[in-house]
Amino acid sequence: MGACSSCCADRNRSGLYEPLLQENEREAVADLLQYLENRTETNFFEGDPLRALSTLAFSDNVDLQRSAALAFAEITEKDVRAVDRDTLEPVLFLLQSHDVEVQRAASAALGNLAVNTENKLLIVKLGGLEPLIRQMLSPNVEVQCNAVGCITNLATHDENKTKIAKSGALVPLTRLARSKDMRVQRNATGALLNMTHSDENRQQLVNAGAIPVLVSLLSSPDTDVQYYCTTALSNIAVDAANRKKLAQTETKLVNSLIGLMDSTSLKVECQAALALRNLASDEKYQLEIVRSRGLTPLLRLLQSTFLPLILSSVACIRNISIHPLNESPIIDAGFLDPLIELLAYDENEEIQCHAISTLRNLAASSERNKKAIVEAGAVERVCALVLNVPLSVQSEMTACVAVLALSDDLKPRLLQLGALDVLIPLTDSSSVEVQGNSAAAIGNLSSKVEDYQPFISVWDAPSGGLHGYLSRFLESVDTTFQHIAIWTIVQFLEGRDSELIDLITRSPEIIPAVRQLTQGLDSTSPHQQADGDNMMNDESEIVGLAKRVIHMLSQTEKDY
């Protein structure tokens, strides 16, 4: 992105230098010609070469100004470095010329210099935005192109973005995004994209009327314009208020983005899926994407070998899967096998997280879907991977198992597949979330089971076994952990398996810990004081469950 390539054409015009030049101007012309002959060995940004250029730039003679502007454009095309005020001031002065050729070449030179990070800041600091905005309003396409290209480069620096947004540049940028000249359109949409990386600037863009322009340009034949507009809309859709506005005014947006997922450009496909992902933060769009047949292209991208495409599509399907009405359509569209394959995608933790989170969402509200996920091999894959994946992935995987374990019909299958062998070690994870999810999964598996042999077989191992986990959680300062453990023990006792009850009764840690919980927590506990009323409610439930355990054990002793 940047200056139009034709801005420096016609460098060797005849009659550039009119008679009646000032003496210093004649000397500057002669010196500059000599420096240009040895340009590869000359530094034009300091000393005598810069003085010669500056003399011509500040001249009242338009031909000399043209000569200086063209020289600056040619030099900066090949040599871009950090420069100081002495270099930028003559270029900025030339920008204010009324001569189109001077404007064209000067804006090209400034756009070239604006590639350098330090120069971006200095150009804006020295007041470069105002003349650039005036040039964007020029009827000359070349001038427009170069001015917009320079703004685009300046807008890549975070410190400049707010200044550009407040400078009045957004309205002409938005207008030029509709230019019939593809170079101008490319630069303008690129500049608008660069302005979408902060909340404040996105709002300024919306106020400038950029949304309908960006949406209309999704159908541009130019892939760069498609990419800039798709990415800009993706960024705009991060904000809930903007999504609402898009939903009210841009009825063709979803269909346009779905169409772009079949683009010949990988980067356009990727950004289209990301834009849909951001839109799918809202329920309306979650449903609309499915209704608009967005699942088929998403599934194709999901099965790509290109990591960015996989990531963008799996992130999108994760958001879409949040809506209960989308669960069955996603499963029926054939997503289960590819999602399960992505659980082992150890090149990218985020992809693994999105894949398992999607499976958890798909399992949330339907026994049919839970069964389909288990039959597709998700539990085997999780059990094989979960002990060796990053903590974030472990958290999602254990949460998914906890959801699947809610199904009474599937519990025997999960136990048979060895779920306890991986869940028990994870109750001692360094992550509180992983601990809690694993314990919740064990608790769900413990309820209404006909055969408690799988629990008995892991009483002492692995990693201290079920016994060690229950003891730790009962003695924890975390009331949620205490609650899970005491509730799980109640499920075991209600299962009336004599061998398991005997193991619980004979434990030197479990029964004393349960008796302690019947007394309630220390009212002076800082943990309790911090959590307030919720803590007291938890404590009341824990005390009730603990007393129930003691009562059930006493009844069991009488029965036996």
Problem set entry | Qualifying positions in the range 429-454 - hydroxyl-bearing (Ser, Thr, Tyr) and more than 34 Å from the chain's Cα centre (by Cα) | 446, 447, 452
For this session: Could you tell me whether any residue of the range 479-493 is buried (at least 22 other Cβ atoms within 10 Å of the Cβ) and not in a helix (DSSP H, G or I)?
Result: no
Exercise. For the range 288-321, which residues satisfy the criterion of being under 11 Å from residue 254 (Cα atoms) and assigned to a helix (DSSP H, G or I)?
Worked result: 288, 289, 290, 291
Seminar exercise, completed: Across (1) of a type outside the set (Lys, Arg); (2) over 17 Å from residue 111 (Cα atoms); (3) under 28 Å from the mean Cα position of the chain (by Cα), residue 179 clears everything bar (3)
Exercise. In contact with a Pro (Cβ under 6 Å, 6 or more places away or on another chain) and open to solvent by 50 Å² or more (accessible area, probe 1.4 Å), is that true of residue 457?
Worked result: no
Exercise. Filter the range 145-172 for residues that are within 13 Å of residue 187 (Cα to Cα) and β-branched (Val, Ile, Thr); which is most open to solvent (accessible area, probe 1.4 Å)?
Worked result: 156
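Out of the helices (runs of 4 or more DSSP H) lying entirely within the range 40-121, which hold 2 or more residues that are under 27 Å from residue 162 (Cβ atoms)?
85-95, 100-113
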Seminar exercise, completed: Of the residues in the range 358-405, those that are surrounded by fewer than 24 Cβ atoms within 10 Å (Cβ to Cβ), touching a residue at least 24 places away in the same chain (Cβ under 8 Å) and within 26 Å of the chain's Cα centre (by Cα) come to 360, 361, 364, 385, 389, 390, 391, 392, 399
Exercise. Considering only helices (runs of 4 or more DSSP H) fully contained in the range 182-276, which possess at least 1 residues that are touching a helix residue (DSSP H, G or I) at 6+ places or on another chain (Cβ under 9 Å), open to solvent by less than 10 Å² (accessible area, probe 1.4 Å) and more than 22 Å from residue 169 (Cα to Cα)?
Worked result: 240-249, 253-260
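The values are calculated or read from the model by the stated rules, or taken from the named source; none is laboratory data. Since the model is a prediction, treat every value here as computed from it, not as a measurement. We place every Cβ from the backbone using ideal geometry, glycine too, and count neighbours over all the protein chains shown. The accessibility values were calculated without ligands, DNA or RNA, using every heavy atom of the protein model including side chains. Shrake-Rupley method; radii C 1.70, N 1.55, O 1.52, S 1.80 Å.
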